[in-house]
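One structure below.
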Amino acid sequence: MMQHAPALIVLIPMLLAPLVAMLRSPGAGWALFTAGAAGSFALSILVLEQVWSGGVVSYAMGGWVPPFGIEYRIDLANGLVLAVVSGIALLVAPFARASVAHEISEPRQYLFYACMLLCLCGLLGIAATGDAFNVFVFLEISSLSAYGLIAMGRSRRALLASFQYLVMGTVGGTFLLIGIGLLYAVTGTLNMADIAERLPATYDSRVTHAAVAFIFVGLSIKVALFPLHQWLPSAYAEAPSAVTAFMAATATKVAAYAMLRFADTVLGEALVFEQLPVGEIGVLLACVAMIAGSLVAIFQQDLKLLLAYSSLAQIGYIVLGIALGTADGASAGLLHVVAHAVVKCGLFVVAGVVIYRLGSERLDALNGLALRMPGVFAALVICGMGLVGVPATAGFVSKWALLQALIAEQAWVAAFTMLGSSLMAVIYIGVLIERAVFRAPDTSLSDTGITPLGAKLSLAALAVLTVLIGLWSDPIAQIANGAGAGLFEAGR
Amino acid sequence: MALQHDQVVLRIVTKLLAPLIMVFGLYVQFHGDFGPGGGFQAGVIFASAVILYGLVFGLDAARAVIPPRTLRLLAPLGVLLYAGTGVLTLLLGENFLSYNAIDPAHPAKGQHYGILAVELGVGITVASVMMLLFFAFAGRGKVKA
């Protein structure tokens, strides 16, 4: 059975989604979502272990040998992404139970879990596949289910947010498709490894250059890189809390992985970074995103919006790593994908618990949080420190790696921008903690008094993971280093 | 929504055409492995018969033909049929969707049956989703979806 694991990781959620839609029961939906996430996560870990010890794992869909058929190809980079995405789904699941029951009307809850499973399937598919067109198909699966999920938000504004994302996301998907189509036109193949082999002969072709432009603009929309980020803040703020926690930690991260894969493996660094100025543009936009995102986050009065703008800045870190065009940069980007996924998921679960108990996501609701909900407050502090990058947290590991990669490239401006953005993170996380500790609780908000057990579980696991990655960073750092080197090797 | 009773031509032509459209849909469905066609086109054609019926005789009449409740069961069922075929080949010891495993002695036959099953799944899902979309838009504001 183990040789089928690369397909099964994606298949499990794909099979469970229609099952949930047919059973029409919220309880069964939640149970199957949890089981699916757990199954995919367990298989991802097994495959990652297999890749670590035995090299790249390839799976031929339908028994058609690559490059003729669709190939699933797992190396360290996407093995790590698969584990992160399915792991986050598993960690969000306990919190989702109570939060979904609280925020979404009963007849729609089973559809929520079906959409979550489809979204998970799409995200895992993007990561697992070794076929360029398959990336687009799975991107659409994850995006379409995400539009539905965001539209289930608490207020009617969610519909507008979802529609905005739909318009932007469709443009992004179409650009990616045009880019892949152009690649197909010049190489005659869709298999990523095969494209990488044939593309160098067409490096001077205008078609290839156009393909690069289309692919990176399309993926930048999906990553929400400044200035193509307009959809993200409202989508994150209006979506149901469980969706925000899941998507903030996975959707943009998987798009960032796709960017890495296309830049380093499929198109090749010689084209993307040496011949064309994608790297320079990426570094510039990443720097602007880091400063602008953090700056706007400081002045937010809404907890979810604050975290969403902070995500824009954090995406800047990841893109900065990718845009350096070095193996160290790529592995730093991947490390930050892991670190930010855990940390931001934890912070959005905190926001979800505050909404669950107080019914408000204004910053005022945080006043006196330390007394009101000490456990939740502890998670806020730990994940907040992870976001800032305090030593012994996950954020420190990735930011340190990124800083070293920047110094190796002597990118001083970017390095100082990154440190500046981290200092601004101290301010907006500090504002949250200041409110929680020193201000009197807002008595006009009625507290339901109980944090759901599932939410406690999710928060505890994410907070522990934040510290664990910070203290015991070797395994993940080694995987990320191997992944960065592997991405470039595969492109040669 | 229903047309006036004096629209005789439309009513008669619809009654004549609807079964033909459905048969043509089935032809496209099951002839897809030999000629142009397949589940996607077949599903749309099949659903268009019901949609035409609904346009002429009214939404309630079309709902009586196929209740949305049933459609909401059929749409995921098609996906399950597709994925289930793949799981069957997995259980038979081959890769996902390797139809050869269905009839190892005659791989070509295995491919044939596999494609038929998968395309049927596509057809069922596409037809039910098309009809659900029509019901959802046409019944906007009148009934709960």
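The values are calculated or read from the model by the stated rules, or taken from the named source; none is laboratory data. Since this is a predicted model, take the numbers as computed values, not measurements. Cβ atoms come from the backbone with ideal geometry, glycine included; neighbour counts cover every protein chain shown.
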### Task
Considering only residues that are of a type in the set (A, V, I, L, M, F, W, C) and modelled with pLDDT under 90, look in the stretch B:11-44 and name the one that is nearest to B:Met130 (Cα to Cα).
B:Phe30
### Task
Keeping to the stretch A:469-492, report how many residues are without any contact (Cβ under 8 Å) to a residue 24 or more places away in the chain and either farther than 18 Å from A:Gly268 by Cα or in contact with a Pro (Cβ under 8 Å, 6 or more places away or on another chain) (or both).
4
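Residues in the stretch A:288-305: is at least one without any contact (Cβ under 8 Å) to a residue 40 or more places away in the chain and of a type in the set (A, V, I, L, M, F, W, C)?
Looking through the stretch A:288-305, at least one residue is without any contact (Cβ under 8 Å) to a residue 40 or more places away in the chain and of a type in the set (A, V, I, L, M, F, W, C).
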#### Entry: Scan of the stretch A:398-425 for residues that are of a type in the set (A, V, I, L, M, F, W, C), buried (at least 17 other Cβ atoms within 10 Å of the Cβ) and more than 25 Å from A:Val243 (Cβ to Cβ), ordered by number
A:Ala401, A:Leu402, A:Leu403, A:Ala405, A:Leu406, A:Ala411, A:Ala414, A:Ala415, A:Met418, A:Met424
### Summary
Those helices (runs of 4 or more DSSP H) completely within the stretch B:1-115 that have 2 or more residues that are at negative phi and surrounded by fewer than 16 Cβ atoms within 10 Å (Cβ to Cβ) are B:8-30, B:59-65, B:68-91
### Any chance A:Ser53 is surrounded by fewer than 23 Cβ atoms within 10 Å (Cβ to Cβ), more than 14 Å from every other protein chain (Cβ to nearest Cβ) and assigned to a helix (DSSP H, G or I)
yes
### Task
May I ask you to list the residues in the stretch A:1-38 that are over 12 Å from A:Leu118 (Cα atoms), facing another protein chain (nearest Cβ under 10 Å) and aliphatic (A, V, I, L, M)?
A:Met1, A:Ala7, A:Leu8, A:Met22, A:Leu23
### Sole residue being surrounded by fewer than 24 Cβ atoms within 10 Å (Cβ to Cβ) and more than 19 Å from A:Leu91 (Cα to Cα), chosen from A:Leu324, A:Leu334, A:Leu366, A:Leu371
A:Leu371
### Subset of the stretch A:69-105 [over 30 Å from A:Ala158 (Cβ atoms) and either in contact (Cβ under 8 Å) with a residue 40 or more places away in the chain or away from chain B (no Cβ under 14 Å) (or both)]
A:Ile70, A:Glu71, A:Tyr72, A:Arg73, A:Ile74, A:Asp75, A:Leu76, A:Ala77, A:Asn78, A:Gly79, A:Leu80, A:Ala83
#### Entry: Single condition A:Tyr59 does not satisfy, out of (1) more than 9 Å from every other protein chain (Cβ to nearest Cβ); (2) over 29 Å from B:Leu71 (Cβ atoms); (3) more than 21 Å from the chain's Cα centre (by Cα); (4) surrounded by 21 or more Cβ atoms within 10 Å (Cβ to Cβ)
(1)
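Could you list, in sequence order, all residues of the stretch B:10-61 that are closer than 18 Å to B:Phe137 by Cα and polar (S, T, N, Q)?
Passing the criteria: only B:Ser48.
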### Query
Taking the stretch A:430-452 as the search range and keeping residues that are loosely packed, with under 13 Cβ neighbours inside 10 Å and in contact (Cβ under 8 Å) with a residue 60 or more places away in the chain, which one is nearest to the chain's Cα centre (by Cα)?
A:Ile450
### Query
Which condition number does B:Met130 fail, the rest of (1) modelled with pLDDT under 90; (2) away from chain A (no Cβ under 14 Å) being met?
(1)
